[in-house]
1. Do we find that Arg231 is touching a Leu at 6+ places or on another chain (Cβ under 6 Å), surrounded by 14 or more Cβ atoms within 10 Å (Cβ to Cβ), in contact (Cβ under 8 Å) with a residue 12 or more places away in the chain and outside the structural domain of Pro180 (by TED's automatic domain parsing) in this structure?
2. Take Leu5 and tell me if it is under 24 Å from Ala306 (Cβ atoms), assigned to a loop (DSSP other than H, G, I, E, B) and at pLDDT 95 or above.
3. If you take just the strands (runs of 3 or more DSSP E) that sit entirely in segment 163-219, which of them hold at least 2 residues that are within 26 Å of the chain's Cα centre (by Cα), of a type in the set (Lys, Arg) and loosely packed, with under 15 Cβ neighbours inside 10 Å?
4. Mind counting the residues in segment 322-350 that are within 24 Å of Ala306 (Cβ to Cβ), touching a residue at least 60 places away in the same chain (Cβ under 8 Å) and not in a helix (DSSP H, G or I)?
5. Going through segment 313-338 one residue at a time, which ones are closer than 23 Å to Arg269 by Cβ and within 16 Å of the ligand (Cβ to nearest atom)?
6. Within segment 152-169, how many residues are within 14 Å of the ligand (Cβ to nearest atom) and under 26 Å from Asp137 (Cα atoms)?
7. When you go through (1) modelled with pLDDT of 95 or more; (2) out of contact with any His (no Cβ under 9 Å at 6 or more places or on another chain); (3) not acidic (Asp, Glu) one by one for Leu348, which number turns out not to apply?
8. Among the candidates Arg342, Arg261, which residue alone is closer than 23 Å to Met232 by Cβ and modelled with pLDDT of 95 or more?
Amino acid sequence: MPEFLPAELVALRERAERVARDELVPLRDDPDLDPHERSRRVRAAVEAAGIRRLTLDPGLAGRADQPALTLLVAREALARHGVAHLPGVFASSPGLLAGVGEPLRSTHLEPLLAGEKRAGFAFTEPVGARPSRARIDGDDRVVDGQKSYVTGGADADFLTATVEVEGQGPAMVVIDVDRPGVSITRRFASFDGARHAAFAFEEVRVPRHCVLGAPGEGRGKALERISEVRRMIAADCVGTAAWLLELLETHLATERRDGRRPGDEQRARLRFGDLRVQAYAARSMAYRTARLTDAGENVVNECIAAKLFAREVANAVADAAIQLVGGEALVEGHPLERTYRRLRTLRLAEGESDVLRVNVARGRLDLGQGRI
Ligand SMILES: Cc1cc2nc3c(=O)[nH]c(=O)nc-3n(C[C@H](O)[C@H](O)[C@H](O)COP(=O)(O)OP(=O)(O)OC[C@H]3O[C@@H](n4cnc5c(N)ncnc54)[C@H](O)[C@@H]3O)c2cc1C
C-alpha cells in the first residue's frame, strides 16, 4: 500500500511532486517550446531533483533498477501531475542488456546508458507471419522474419528482438539496424504522437555474442523486461487516474451560472464515486505488486493483472471525465483530450487486454501461478 512508506520514499515522493509541479508542468504546457529544448530542460530538472537516474543501475550489472517500490513512488508522483511520460524524465534503463559482458557492454550497453545509442524492442509480428527465426551457421545466427510495431524503431541504432533459434528455442538477440539484410518496411505514428517502424530481416548475420543469455532463456528474459515495463505502465496509469480525478473533482465543484455545481447531480456523484473505488483498487494492486517484486517472488501474473487493471481504470476515468466535462474536454490541447489519446494506446501496447486476461487464466490453469 502507498501508506506507511519509509522516510526516504516519502522524501522521494515529495521531491518528485515538487519538480513536477514547479518545473515539469510549465515545460509541458509551454506551446512555444521547441521539443528538443523541452526535453533538454526536462532532463536538467529531473537530474537536479535526483529522479532521472533511478532507472539506472550504477554498476551496469545484475539488477537493472532500483527497487520496484522506489520506481513506483517516483513515477506515480510525476503522473499525478501528468508529466511521468515526458521524454527525458527517466534515463534509458539497461532493460534486457542488464548485466551483459564484453563486447556488448562496451558496444551497446554503455552507449545506450550514455544516450549515445538508441534501442527498440522488437516483439510483435504481423498477423499470420511466421515467427522470426534464426539458423545457426558457424559462429553466426542467421535471422529471417518481420517485426511490425517497434516504438522508436526508425531512430534506433539497434533492436532487441525475439527470435526462434533453430533447435534451441526462443532467444533475444541484439540486431544492429545497419546490418546487411535489415530494412525498415514502414514508418508510422500512433495517434498519441509516438513514432514506430516495421522491420524485415532477410538473412541477417548476427554474431553469437549478440544472443542474450543461454539458449532457450529468451522467453524468460523477455518476460522479465515485459514485467518491468508492465509495472511502469501500472504506475503511470495509477498516477494519471488520480490526476484526472482531481481535475474532475475541480470541475464538479465549480459553480455554474444557476448557482448549482455539476457535482450536485446524482448521476455525476454515482460516476465519480465508482471511479474513485476503481482507482483505489488499482493503486492498491500496483503497490502490492511492487512489494512482491522486491521480495523476489514470481510476479509475472501479478504484473499483468496490475497493469491491465490500472490502464482500464485510467481509460475509464478519462472517458467518464470527458463525458462529464462536455465538449470543451475534446478541444485540441485540453488535458483530457491529450491524455485520453495517450491512455488509449496503452490498452494495446505491451499486450492487448483480452490476450492478457487469457494469459492470467493460463498462468493459473496450466502453470499453477498467480495470486488473488
Ligand atoms: C502505442 C503502441 C506501442 C507499441 N510498441 C511496441 C514495441 O515497442 N515493440 C513491440 O514489439 N510491439 C509494440 N506494440 C505492439 C503491441 O504489443 C501490439 O499491438 C499488441 O500486442 C496487440 O497485438 P496486435 O496489434 O497484433 O493485435 P492482436 O494481438 O492481433 O489483437 C487484436 C485482436 O485480436 C484478438 N486476438 C488476439 N489473439 C487472439 C487469439 N489467439 N484468439 C482470439 N482473439 C485473439 C485480441 O483480443 C484483439 O481483440 C505497440 C503497440 C502500440 C499501440
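1. Numbers: touching a Leu at 6+ places or on another chain (Cβ under 6 Å): no; surrounded by 14 or more Cβ atoms within 10 Å (Cβ to Cβ): yes; in contact (Cβ under 8 Å) with a residue 12 or more places away in the chain: yes; outside the structural domain of Pro180 (by TED's automatic domain parsing): yes.
No; evaluated as a whole, the condition is false for this residue.
2. Spelling it out, Leu5 is indeed under 24 Å from Ala306 (Cβ atoms), assigned to a loop (DSSP other than H, G, I, E, B) and at pLDDT 95 or above.
3. On the way: elements: 169-176, 182-189, 195-207.
Answer list for segment 163-219: 182-189.
4. 3
5. Within segment 313-338, Ala314, Asn315, Ala318 meet the criteria.
6. Start the filter on segment 152-169 by keeping residues that are within 14 Å of the ligand (Cβ to nearest atom), which leaves 152-156, 158-163.
Narrowing the set further to residues that are under 26 Å from Asp137 (Cα atoms) leaves 158-163.
Looking only at that region, the number is 6.
7. Every listed condition holds for Leu348 apart from (1).
8. Working: Arg261 fails: closer than 23 Å to Met232 by Cβ.
Step by step, each of Arg342, Arg261 is checked, and only Arg342 is closer than 23 Å to Met232 by Cβ and modelled with pLDDT of 95 or more.
The values are calculated or read from the model by the stated rules, or taken from the named source; none is laboratory data. For clarity, every value in this text was computed on a predicted model and none was experimentally measured. Quick reminder, even Gly has a Cβ in these numbers, built from the backbone with ideal geometry, and neighbours come from all protein chains shown.
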